[in-house]
Amino acid sequence: MRLIDLSSAIDAAAYEPDPIEHNVLTPRQGALHMQSEMRSHFGLEFDPDVLPDGEFLSLDRLSLTSHTGTHVDAPSHYGSRTTYGDGTPRHIDEMPLEWFLNPGVVLDLTGYGTGVVGAADVEKEFARIGHTPRDGEIVLLNTGAQDRAGTPAYFTDFVGLDASAVHLLLDLGVRVIGTDAFSLDAPFNDILERYRRTGDRSVLWPAHFAGRHREYCQIERLANLSLLPAYGFQVCCFPVKITGAGAGWTRAVALLED
Ligand SMILES: [Zn+2]
């Protein structure tokens, strides 16, 4: 069994439009903090220098969105109402674990510029790889966007799916669609530019809004998809259980048989 890391890092030093705050309490600062907490809460005196190396434990405090780094979008991210089920979308902590450990399929979309691909392009890719996704399989889009990760271009230059492509995958029984790009939809600037030009509302975030009518999850900001075969491997992408959240970070990994 071989493991391939499909996750991008949550890195406060990398460029983000919505910057990450990552504050570290070092093990020494942890010792001093413990000393003051013991004094104020319990009236106990504690000498931090009796600890090995004078150190206690470190602590990381982060401020970031649930869409920073590799993450799974839940139906509640797409809107507050659905046209399926009881009309209420599920949050990330409510999604079935069974969705997130399944055979994977990689589609190569690296040949496309910024914008969207449709169902016909996706079907062409099924024919090229000789495999059509089956019920429950996790479809991963290798757009090549990973090459721009950590730069402003990562957020403005990539290809997404239009509604026809999303519906084609959902019709096949796919419930999780992943991408190495910032979004499963086209970039904000590209969408708004096409909307201004055409006045066509259907160009506005069709991949995300499809999730108001059919329940599915997206994985965004994946990495290393070019290291995978087109199919014949498992994907593990359990989202972090954040109560009531529209997304959760995941350490996505591919499992390949030797
Ligand atoms: Zn997201």
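The values are calculated or read from the model by the stated rules, or taken from the named source; none is laboratory data. Being a predicted model, the structure only gives us computed values, none of them experimental. Note: ideal-geometry Cβ built from the backbone for every residue, glycine included; neighbour counts use all protein chains shown.
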(message) So, restricting to strands (runs of 3 or more DSSP E) that lie completely within the range 1-100, which ones have at least 2 residues that are surrounded by fewer than 18 Cβ atoms within 10 Å (Cβ to Cβ), without any contact (Cβ under 8 Å) to a residue 40 or more places away in the chain and not aromatic (Phe, Trp, Tyr)?
(response) 21-25, 59-63
(request) Considering every residue within the range 93-111, establish whether at least one is at pLDDT 95 or above, closer than 14 Å to Asp162 by Cα and in contact with a strand residue (DSSP E or B) (Cβ under 7 Å, 6 or more places away or on another chain). (result) yes
(request) Please go through the range 204-232 and pick out each residue that is more than 15 Å from the ligand (Cβ to nearest atom), of a type in the set (Ser, Thr, Tyr) and not in a strand (DSSP E or B). (result) Ser226
(request) Return the total of residues in the range 186-203 being within 16 Å of the ligand (Cβ to nearest atom) and more than 22 Å from Ser226 (Cβ to Cβ). (result) 2
(request) Examine the range 129-150 for a residue that is buried (at least 16 other Cβ atoms within 10 Å of the Cβ), within 18 Å of Gly178 (Cα to Cα), among the basic types (Lys, Arg) and free of Cβ contacts under 8 Å to residues at least 60 places away in the same chain, and state whether such a residue exists. (result) yes
(message) What's the number of the only condition in (1) buried (at least 18 other Cβ atoms within 10 Å of the Cβ); (2) not in a helix (DSSP H, G or I) that Pro103 fails to meet?
(response) (1)
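Results for (1) outside any loop (DSSP other than H, G, I, E, B); (2) within 21 Å of Cys217 (Cβ to Cβ); (3) in contact with a His (Cβ under 7 Å, 6 or more places away or on another chain); (4) among the hydrophobic types (A, V, I, L, M, F, W, C), shown as yes or no for each residue.
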site: Arg134; (1), (2), (3), (4): no, yes, no, no
site: Val139; (1), (2), (3), (4): yes, yes, no, yes
site: Ala153; (1), (2), (3), (4): yes, no, no, yes
site: Asp157; (1), (2), (3), (4): no, no, no, no
(message) Residue under question is Val72, and the condition is that it be touching a Gly at 6+ places or on another chain (Cβ under 9 Å), of a type in the set (Val, Ile, Thr) and under 15 Å from Arg221 (Cα atoms); does it hold?
(response) yes
(request) Could you please find all residues in the range 57-80 being of a type in the set (Asp, Glu) and either at pLDDT below 95 or more than 9 Å from the ligand (Cβ to nearest atom) (or both)? (result) Asp60
(message) Between Arg90, Arg61, which is charged (D, E, K, R) and over 17 Å from the mean Cα position of the chain (by Cα)?
(response) Arg61
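Filter the range 168-193 down to the residues that are assigned to a helix (DSSP H, G or I) and either β-branched (Val, Ile, Thr) or buried (at least 16 other Cβ atoms within 10 Å of the Cβ) (or both) and list them by number. Spell out how you get there, then give the answer.
Going through the range 168-193, the residues assigned to a helix (DSSP H, G or I) turn out to be 168-171, 188-193.
Result: Leu168, Leu169, Leu170, Asp190, Ile191.
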